[in-house]
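Note sheet for the following structure.
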Amino acid sequence: MVIFNKIVTAVSLTLLTLLLPLVALAANVTLKVDRNPVTVNESFTLIFETDDSVNGSPDFRPLDKDFEILSRSQSSQMQFINGAITRQTRWTLTAMAKRSGIFTIPSVRIGDDDSPAASITVNKPVDASTNSESKTAAANNEIFIEAKATPIKAYVQQQIILTIRFYRAVNINGANMTEPVLEGGEVVVEKLGDDLRFETRHNNQRYMVIERKYALYPQQSGTITIEPIQLDAQIAIATPGRFDPFGRNSKTTRLITESITLNVQPVPVKLRNSAWLPSSEVTLTERWTQQPDTFVVGEPITRTLTLSAKGLTAAQLPPLVMTDTEGFKAYPDQPILKDKRGRQGINGSRQEKIALIPTRAGSLSLPAITVSWWNTRTNKQESATLPARTVQVRPGKIRLRQHKYHSPQAHPIQ
């Protein structure tokens, strides 16, 4: 047992020389902080350790006042040495201070015991304009993030593309980015595919870029604010030949974009009682199963109408109405709605198939079909039109034949 105590003492002394602060035991609980001081928007690690089994889970809520917990994990270990069983439980927290200052890491209740409190200093970010060394660092940023919305002045229900780019010139072990949050009005947000990865150069520095895009559709006019986007990146740290008792090889750095203000215009007064389609391009096409000049009374022919719009979803496109089909019976199918998503946004289409059956021979007219839309490039109202069409219908062939009908012979019921 004496030998065992010496071994434990030696290991404890070794750890003391390698770890930053090692706070004294509170009962059988220790608290270790990997770095002190730290800077705002930089993470640090807290390790709570017990040398025996505990009843219950830790209550980390006292930390929430001054710190944000980015991640947490738990591990347990049991050893059998010289006939004695030792148990060790470890809780590892990645934390970030909410502001600068000198803070107390409060005691945390773990089972029937409490961890010791500790002090940590959180410095403000270095101002590049007042420090020559940080000017060099600022001119050669290892990581940064930018957000851009196009256009920032738009109409209600017009598509706005939000592009977020994360630049890095260092290796990272992972990154987490918040979703867009918009204040000031209702906005429909649609993510545009998977993240795009590519390389670029910025200020003579090569960067790997991760690009994420969203399509935004404001539903009401006024000022809408895109709140700052936050990204937490785990930057890999190279520590060759160095003992790492925390079992980690990265530090978390937080990046925050500026907020973006959108100016959303209302629907023009003269168009408020009609379909509203703010788009850069709208097309209306038709296709027939056979040439329209081959109409025959009683024989169906299918007309396929397709309405397409850049920057609009299929759900925004109106039904295609044939106002007058005198001389025809019309049997429309269910419309087919499709959205094509790309890096430039969403292009929606609405396809309608109508089976037309002429009911009489002669010259018949199909009315024009017109869809009004608002050109967002010229800020003018335009129309997509299929012109009226006159078709000649031939008489149908008489297919009915006269058949004699023989009724079965009746037999009396016995």
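The values are calculated or read from the model by the stated rules, or taken from the named source; none is laboratory data. This is a predicted model, so every value here is computed, not measured. Quick reminder, even Gly has a Cβ in these numbers, built from the backbone with ideal geometry, and neighbours come from all protein chains shown.
Quick notes on this structure:
- From the options Ala315, Ala275, Ala309, residue that is outside the structural domain of Ile229 (by TED's automatic domain parsing), at pLDDT below 90 and either aliphatic (A, V, I, L, M) or part of a strand (DSSP E or B) (or both): Ala275
- Within segment 381-399, tally of residues that are in a strand (DSSP E or B) and either within 30 Å of Val156 (Cβ to Cβ) or without any contact (Cβ under 8 Å) to a residue 60 or more places away in the chain (or both): 7
- Candidates Thr370, Thr378: the one that is out of contact with any helix residue (DSSP H, G or I) (no Cβ under 8 Å at 6 or more places or on another chain), in a strand (DSSP E or B) and loosely packed, with under 15 Cβ neighbours inside 10 Å is Thr370.
- Leu70 touching a residue at least 40 places away in the same chain (Cβ under 8 Å) and in contact with a Pro (Cβ under 9 Å, 6 or more places away or on another chain): no
- For segment 342-380, filtering for residues that are in contact with a Pro (Cβ under 7 Å, 6 or more places away or on another chain), small (Gly, Ala, Ser) and under 19 Å from Leu284 (Cα atoms) leaves 2.
- Candidate set from segment 319-333 (those that are loosely packed, with under 14 Cβ neighbours inside 10 Å and within 30 Å of Tyr155 (Cβ to Cβ)); member that is farthest from the chain's Cα centre (by Cα): Thr323
- Close pairs from segment 196-224: first touching a residue at least 24 places away in the same chain (Cβ under 8 Å) and within 23 Å of Ile260 (Cα to Cα), partner loosely packed, with under 11 Cβ neighbours inside 10 Å and small (Gly, Ala, Ser), Cβ under 8 Å, at least 6 apart: Lys213/Gly193
- Options Thr200, Thr253, Thr225; residue that is assigned to a strand (DSSP E or B), modelled with pLDDT of 95 or more and at negative phi: Thr225
- Selection status of Pro240, at pLDDT below 90 and touching a helix residue (DSSP H, G or I) at 6+ places or on another chain (Cβ under 9 Å): no
- Residue within segment 73-81 that is modelled with pLDDT of 80 or more and under 26 Å from Pro125 (Cβ atoms) present: no
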